[in-house]
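A short reminder: the numbers here are calculations on the coordinates, not readings from a lab. Model, not experiment: these values are computed from the prediction. No Cβ is skipped: glycine too gets one built from the backbone with ideal geometry, and neighbour counts run over all protein chains shown.
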Amino acid sequence: MGEGGQGVNDSRRQSSEAAQALPEARVSRRRRAPSIVWLVPLLAAVVAGYLVFERIQEFGPKITIRFQDGSGIRTGQTPIKYRGVPIGEVTAVALSPDQRHVLVHARLDRSAAPIAREGSAFWIVRPEVEFGAITGLNTVISGPEIQVLPGSGAAKSEFVGMDRAPVAYEGKGRRIVLRAARPESLRRNSPVYYRGVEVGVVHDVALGNDAAVTEIHVLVRERYANLVRADSVFWNVSGARVSAGLFKGVDIRVESLRALLAGGIAFATPQRASAPARDGAVFPLHANPRTEWLHWAPRIALPAKDDPAGTGSGFALTPQGKT
């Protein structure tokens, strides 16, 4: 081998030895931490899941209410209320299979589950304007709402809605029925008076079962229930009573402005009152009072205003000017 080839080999050997003498570079691979960008949607998903779980926990039973008319009832907007507090919401509205009724599907809150029982009464509250009374005024803007009066029977999921609030919703008291040939201007919510004080209300006016007379259903409030006795007398005070005489001129009397507009009933109890009337007792309704009725003023104990059930001490209703 010539000197030229030997030189090349020596040069290669030196390059190889030099390369081996150089330190080897080591590449370290670090694990990159997850980007915070991915934490945001993950956190949002956790929060959404928690809210859904909490919402599901609030759900109570599903119920179906059958009404004659579903005007104004809207899915997701019409609430179910008890004592003015929302306890559920309408989830769907549909016609019954025979298309004669409206089926309102709703879900109650979990806390209101005991309301889904036999005997519970449901009715729709809409704004109504009548002479002397305005009802459902708060629904003018918000729309109709469904109210309920809880029952006490077994659990139930299907109900038949009522056209109006039941008598029990008006409060406790003595319920009586008055019969007359014609109701004149008496109507629902007409006042009932005892010695000029409003003590009750007309709940309903309808024909009797034989259609021969009109039946006026009255509720005398609990505090005044003891005023109604088996021998009490009732008369119509709707409108004005006019009497005229040669020397006394014309005498016009009205029980109250409300009675003048919306009709009204007054009653009196004899000086020697008999036993309290039973609930559901029936009385005739006279067109006008006799003179002596207006002077009856028996002493009858009434419960205090803060003790309507009469469990505490009461006081006697004493006519003005008498002791």
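A few notes on this one:
- Peptide ranges 69-79, 210-220 listed from the most packed, as the mean C-beta count within 10 angstrom indicates: 210-220, 69-79
- Simple label model, 7 Å out from Cα along Cβ direction - Asp279 to Glu118, nm: 1.9 nm
- Count Lys and Arg as plus one, Asp and Glu as minus one, and take only other residues whose Cβ is under 13 Å from that of Leu207; the net charge is then -1.
- Packing-based ranking of 294-305, 91-102 yields 294-305, 91-102, ordered from highest to lowest mean Cβ neighbour count within 10 Å.
- For the peptides 109-116, 264-271, the ranking by mean Cβ contacts within 10 Å, running from highest to lowest, is 264-271, 109-116.
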